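The values are calculated or read from the model by the stated rules, or taken from the named source; none is laboratory data. Being a predicted model, the structure only gives us computed values, none of them experimental. Ideal geometry is used to build each Cβ from the backbone, glycine not excepted, and the neighbour counts take in all protein chains shown. Each accessible area value is taken on the protein alone, full model and side chains, heavy atoms only, with ligands, DNA and RNA left out. Shrake-Rupley method; radii C 1.70, N 1.55, O 1.52, S 1.80 Å.
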Amino acid sequence: MAKTRKDNKGRNLRPGETQRTDGTYMYVYKLGTKKKYIYDADLAELRKKEGTINKDKDDGIRTQEAAKITLNDMFKVYMGTKIKLKPSTRANYLYLWECYIQKEPLANKSINTIHKSEILSLYTKLLKKGFATNSLEGINNLIHPTLEMAVDDDYIRKNPSKGVYRSLKKDGTAPEPEPRIALTRIQQQNFLRFAAKHPTYCHWLPVLTTLVGTGMRVAECTGLTWSDVDFDNNTISVNHNLIYRVIDGKAGFHITTPKTAKGTRTIPILFPEVMEQLRALNEVKETLYPGPELVLGGCYGFVFRNRFGSFMSAHNINRAIIRIYTEYNLAEMDQAELEDREPVLIPHFSVHNLRHTFCTRLCEMTSDIKFIQQVMGHADFSTTMDIYTHITEEAMQSKVKKISGQFNLL
């Protein structure tokens with residue numbers, strides 16, 4: 001019968017346990033055909049580690065293999081499985097990872113040593129930097145499935161990111177998404193009329209009118225070609241986007257499919273000013289752009305081009321919007337002072353707010369949610385419903401304020 005080994009305190013050592021000459025403890029076990037070793041200065045702590053290792057072995061958790069895989073490594077594996085991603089979406093995922101995750105300490109840790117508190121610390125750090133809730137959700141949508149794949153592959157027992165983002169939203173740590181800004185009818189009219197009459201900004205009128213009069217996403221609008229415009233049937237076909245992205249290490253414009261399957265749609269023109277502007281632009285396009293035709297991704301005959309005759313971007317439009325409403329507000333404040341009245345100012349907004357402005361006008365005109373969803377190209381019915389509910393509630397509050405106090409019951 002083999003003699004039981006003891007440590008220097010007289011405690012029995014289990015099979016695989018050894019006390020070394022320096023007093024520390026070692027446990028040796030086999031992973032496949034290879035011997036593995038763990039160490040600790042305290043026997044009780046060593047046995048906790050032994051228990052975890054043996055439980056993982058019994059449950060098929062590949063702890064030792066996981067020790068050699070970092071979060072960055074696992075993300076590469078995860079991205080390798082996403083073979084159906086659009087190039088632009090892939091480029092966006094890689095950009096987010098490289099900018100906000102890749103160099104963080106936890107990204108270079110072994111996946112089986114990452115704790116929930118570290119995920120929470122990263123998300124909190126990003127929020128303190130001014131990350132919007134939607135942007136943080138994008139980060140979580142990369143980290144969570146990456147670690148979920150590690151769970152599925154039996155590298156780790158549970159996903160440390162599970163519930164972290166949701167808890168931040170629930171406890172109010174994550175800021176509420178900024179409210180969607182929609183221009184009022186008066187603001188919308190003042191903005192477009194000011195641009196139309198201004199000698200410097202009048203050439204922006206066709207694209208601004210098209211955006212606010214169709215609700216197209218900016219990439220759908222800048223990618224619009226003349227073959228997509230049906231003057232006879234008064235419709236616009238949306239079937240591709242023009243985006244600016246770094247793809248395969250090269251920055252440039254690319255043609256992609258719409259954001260979702262619902263994004264491919266035919267938009268009925270509800271405001272005659274849209275077709276009036278497009279017809280006028282079509283008549284002078286050869287004078288405006290005498291240079292070679294722009295061709296990209298099989299598309300040509302782009303409706304909107306910048307002042308150099310090249311592709312138009314969201315950045316171009318946003319800069320123009322800021323210049324226009326800034327100059328309008330300055331002129332309006334001067335005029336209001338002369339007329340001794342309050343100025344009717346236009347709030348800060350971006351090109352995406354023109355899409356929300358159109359959606360607001362649409363909700364004011366009809367309660368047919370399915371029609372609104374189709375025109376807007378919303379993938380989820382709930383998105384349309386949320387916007388419609390929000391807009392109708394605002395309209396209701398406005399009407400209540402207007403009516404309240406006008407009549408007495410007694």
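Descriptive notes on the structure:
- Close contacts from the range 183-201, counting a first residue that is of a type in the set (Gly, Ala, Ser) and a second that is open to solvent by 50 Å² or more (accessible area, probe 1.4 Å), with Cβ to Cβ under 7 Å and a gap of 6+ residues or different chains, come to 195/202; 196/202.
- Considering only residues in the range 247-286 that are of a type in the set (A, V, I, L, M, F, W, C) and without any contact (Cβ under 8 Å) to a residue 24 or more places away in the chain, the one that is farthest from residue 297 (Cα to Cα) turns out to be 284.
- The listed residues are 317, 372, and the only one of them that is modelled with pLDDT under 90, among the hydrophobic types (A, V, I, L, M, F, W, C) and surrounded by 13 or more Cβ atoms within 10 Å (Cβ to Cβ) turns out to be 372.
- Residue 263 being within 29 Å of the chain's Cα centre (by Cα) and open to solvent by 50 Å² or more (accessible area, probe 1.4 Å): no
- Residue 151, sole failed condition from (1) farther than 20 Å from residue 279 by Cβ; (2) open to solvent by 40 Å² or more (accessible area, probe 1.4 Å); (3) hydrophobic (A, V, I, L, M, F, W, C); (4) in a helix (DSSP H, G or I): (2)
- Output for the range 337-379, where each listed residue is among the acidic types (Asp, Glu) and farther than 26 Å from residue 272 by Cα: 337, 339, 340, 342
- Members of the range 284-304 found to be loosely packed, with under 10 Cβ neighbours inside 10 Å and not small (Gly, Ala, Ser), listed by number: 284, 286, 287, 290, 292, 293
- Lone qualifier among 214, 222, 235 - being free of Cβ contacts under 8 Å to residues at least 60 places away in the same chain, out of contact with any Asp or Glu (no Cβ under 7 Å at 6 or more places or on another chain) and open to solvent by less than 40 Å² (accessible area, probe 1.4 Å): 235
- Scanning the range 344-370 for residues that are of a type outside the set (D, E, K, R) and either closer than 15 Å to residue 216 by Cα or not assigned by the TED database to the domain that holds residue 317 (or both) returns 350, 351, 352, 353, 354, 356, 357, 358, 359, 360, 362.
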